[in-house]
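Got a structure here, written out as structure tokens. Questions coming.
The values are calculated or read from the model by the stated rules, or taken from the named source; none is laboratory data. Here the structure is a predicted model, which means the values were calculated and not measured. No Cβ is skipped: glycine too gets one built from the backbone with ideal geometry, and neighbour counts run over all protein chains shown. Ligands, DNA and RNA are excluded from the accessible area calculation, which covers all protein heavy atoms including side chains. Shrake-Rupley method; radii C 1.70, N 1.55, O 1.52, S 1.80 Å.
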Amino acid sequence: MRYLFSIVILFSLLSFTSCKKERIGADKDYKELGSSAKDFLTSTRYPSILVEVSYMPGFAPDRAVLTILESFLISNLHKPEGVSFQLKEIASKKKESLNLDELVKIEKETRSLFTDGNQLTVHILITDGLYSTDQSLLALSYWNTSICLFGKSLQEYTRNLNQIPRVAVVGTLLSHEFGHLAGLVDQGSPMQTQHRDFSNGAHCNNPQCLMFYQIENGTNLLSLPSLDSACRKDLVANGGR
Ligand SMILES: [Zn+2]
Ligand SMILES: [Zn+2]
């Protein structure tokens, strides 16, 4: 009897596990960065974007930051049904820094919205620490619909801003990350002219461009750059506006 009881428990655990997997339905997310570029740029499959923001305590994004990001997305992507946001607070891991494996694990524990039907979704994780691999990094995009902001690095970086509004800085940084999801540079949206900075990953070689690599560590962020014409042309050629 006892044995049978254990089997029943085992079976219900198994079915719970498989149900959970099915419910998660992340078959269109957790893919290589840039692989959904066309889905971001065009409205054919996904006429809108839903952004889920999971933030650790004390690091909720300002509304104004999301408004800046929204206007970047509306002006570069064909999303006639718009962009919406869903925010939720998640528990702190109480660690000074987190590595990529840990970020992935947190996203898998907390993400509840996935690309499905006609809804393209993105998950933004905002931690309360630093990135352990590169402590100067403010943000990172690591999969086709996954972004992380390092809350503590960003807080320290924006602490002493004088004339420049903090929300504009964070909005610009997030726009850079969405540039990666849209396939820049040459990772999902093929280059129309040679402007990739090959020694610094999928970035643009123009220091005045939003997609320059030093945006992510803040060095070139304070000028609040926008996309240069080379990056804009790549997006348009792949279906963007
Ligand atoms: Zn970047
Ligand atoms: Zn560029």
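Probe 1.4 Å, all protein chains in place: accessible area of Lys93 in Å², nearest 10?
90 Å²
Taking the radius of gyration and the Kirkwood hydrodynamic radius from Cα positions alone, what is the Rg/Rh ratio for the range 31-105, to two decimal places?
Ratio of gyration radius to Kirkwood radius: 1.03.
Cβ under 14 Å from Gly218's Cβ, Gly218 left aside: what net charge do those residues give with Lys, Arg +1 and Asp, Glu -1?
Surrounding charge for Gly218 is -1.
Kirkwood hydrodynamic radius, the chain, all distinct C-alpha pairs: what's the number in Å?
Over the chain, the inverse of the mean reciprocal pair distance is 18.7 Å.
Rounded, prolate or oblate, given the Cα gyration tensor of the range 49-164, with a/c below 1.5 counting as rounded?
Cα axes put the range 49-164 in the oblate bin.
How much accessible area per residue does the range 106-190 have, in Å², with a 1.4 Å probe?
33 Å²
I'd like the antiparallel share, as a percent to the nearest 5, of DSSP beta bridges with both residues in the chain.
About 20 percent, rounded to the nearest 5.
Among the complete DSSP H segments of the chain, which ones combine at least 30 Å of alpha-carbon extent along their axis with a mean Kyte-Doolittle hydropathy of -0.5 or more?
2-24
Residue separation times 0.36 nm, minus the C-alpha to C-alpha distance between Asn200 and Thr44: what's the value?
So the chain would gain 52.9 nm between Asn200 and Thr44.
My understanding is that a pair violates if its Cα-Cα distance is over 20 Å; which of Lys28/Lys94; Lys28/Lys233; Lys94/Lys152; Lys38/Lys108 do that in this structure?
Long pairs (Cα-Cα over 20 Å): Lys28/Lys94; Lys28/Lys233; Lys38/Lys108.
Next question. Would you mind finding the longest exposed-site-free stretch of the chain, with exposed GluC sites (Glu not before Pro) meaning DSSP loop and at most 11 other Cβ atoms within 10 Å?
97-241
Filter the trypsin sites (Lys or Arg not before Pro) in the range 132-193 down to the DSSP loop ones having no more than 11 other Cβ atoms within 10 Å, then list what survives.
Listed in order of number, the matching sites are Arg159.
Pull out a ≥ b ≥ c, the square roots of the eigenvalues of the alpha-carbon gyration tensor of the range 163-241, then state rounded if a/c is under 1.5, prolate if not and a/b is larger than b/c, and oblate in the remaining case.
prolate
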